[in-house]
1. Have a look at 339, 377, 323, 369 and point out the one that is surrounded by fewer than 19 Cβ atoms within 10 Å (Cβ to Cβ) and touching a residue at least 40 places away in the same chain (Cβ under 8 Å).
2. Being in contact with a helix residue (DSSP H, G or I) (Cβ under 8 Å, 6 or more places away or on another chain) and within 16 Å of residue 288 (Cβ to Cβ) is the filter here; which residues of the stretch 298-329 pass it?
3. Based on what the data block shows, is residue 98 modelled with pLDDT of 95 or more and surrounded by fewer than 18 Cβ atoms within 10 Å (Cβ to Cβ)?
4. Within the stretch 168-184, is even one residue without any contact (Cβ under 8 Å) to a residue 24 or more places away in the chain, surrounded by fewer than 21 Cβ atoms within 10 Å (Cβ to Cβ) and out of contact with any helix residue (DSSP H, G or I) (no Cβ under 6 Å at 6 or more places or on another chain)?
5. Looking at this structure, is residue 71 over 18 Å from the mean Cα position of the chain (by Cα) and assigned by TED's automatic domain parsing to the domain that holds residue 150?
6. Name the single residue, out of those in the stretch 295-320 being in contact with a strand residue (DSSP E or B) (Cβ under 7 Å, 6 or more places away or on another chain) and at positive phi, that is surrounded by the most Cβ atoms within 10 Å (Cβ to Cβ).
7. Could you tell me which of the residues 139, 179 is part of a helix (DSSP H, G or I), at pLDDT 95 or above and closer than 30 Å to residue 307 by Cα?
8. Mind counting the residues in the stretch 93-126 that are touching a strand residue (DSSP E or B) at 6+ places or on another chain (Cβ under 6 Å) and either in a loop (DSSP other than H, G, I, E, B) or under 13 Å from residue 143 (Cβ atoms) (or both)?
């Protein structure tokens, strides 16, 4: 069962709609924030009407938000709505301040909740934190949008959580999977069974197979959602349980870490999201998370493309001989020589750090090119390393640009 007809649109129809709306959102960001006029100087929003045009825009990196917000409180100039006109302001670790506007289902969680089986009239226990961070509000507003009642359980106090479940009989749970497991284990210790719980939407951490099996054995159908405190829900699991379906009303790209260049379908890269949020119009927001696009459409009937879910972090900065090496530096070395895929391996031999840049390349070994690339690597990173050419397709498809193989 689908949330609405938008989820079953032909991909071409959805894509045309997103690209039709995109120039207006770019214009809105340029006209109503302090950050984007500078970042997009010289760019005509009307020209940003395709994925290729979008890919030409610079990234806005989550990893830079702390410094931007310190320089310009509270949101680094990325907000289009004044703080006093927002519904809530949250503080995530960093700290990073996150705005919540007054639009219903601001964080776009209701589709994920619906896919997990939540329906109007359900009572749900919300065990995300209500203290400073936005996760609890994300899912509470989505539950309210669906017509559900919410028990604001928050985190901790497991015995009280068990008592609330047995007294109030919620049918659903939202929170981290590990905390749900802890609650059910505490229920067992107390001789209470929490039989009312039948469904869960979990997020905030990896949903490990052992925990999924633990919940399933107790009659709980649990689904996962992937999102961030800046963007809300990006993708979610459906009953097909084949990857995570990308949410409606956002544009997702998978790009090579250290660059803004989209990768091929199936290749692991960094998740980059463009929203149509009017209060916080993030354009090409680089999450720092790794994922990959799955081929084909979900058997559940939702036609938007799917991603594999969270596959690690793209922020792979590594310190070598006292200096940090970053993925964007590796990308710059490759770009200067017209090379596409590379992987910088950092090892330690006999107490000395060594760097090897493995590069995929057609053709025979080219000692002269290797020497030139090594010189560029030294110029860009200020560190010496060697270059090794390898056949195309030989590097692992795991999104890593820098591999630290040192044993600590």
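The values are calculated or read from the model by the stated rules, or taken from the named source; none is laboratory data. The model shown is predicted, which means the values in this text are computed figures rather than measured ones. Quick reminder, even Gly has a Cβ in these numbers, built from the backbone with ideal geometry, and neighbours come from all protein chains shown.
1. 323
2. Within the stretch 298-329, 314, 315, 316, 317 qualify.
3. Judged against the criteria, residue 98 is not a match.
4. No, the conditions are met nowhere in the stretch 168-184.
5. No.
6. 309
7. Result: 139 is the single residue among 139, 179 that is part of a helix (DSSP H, G or I), at pLDDT 95 or above and closer than 30 Å to residue 307 by Cα.
8. Qualifying residue count for the region: 14.
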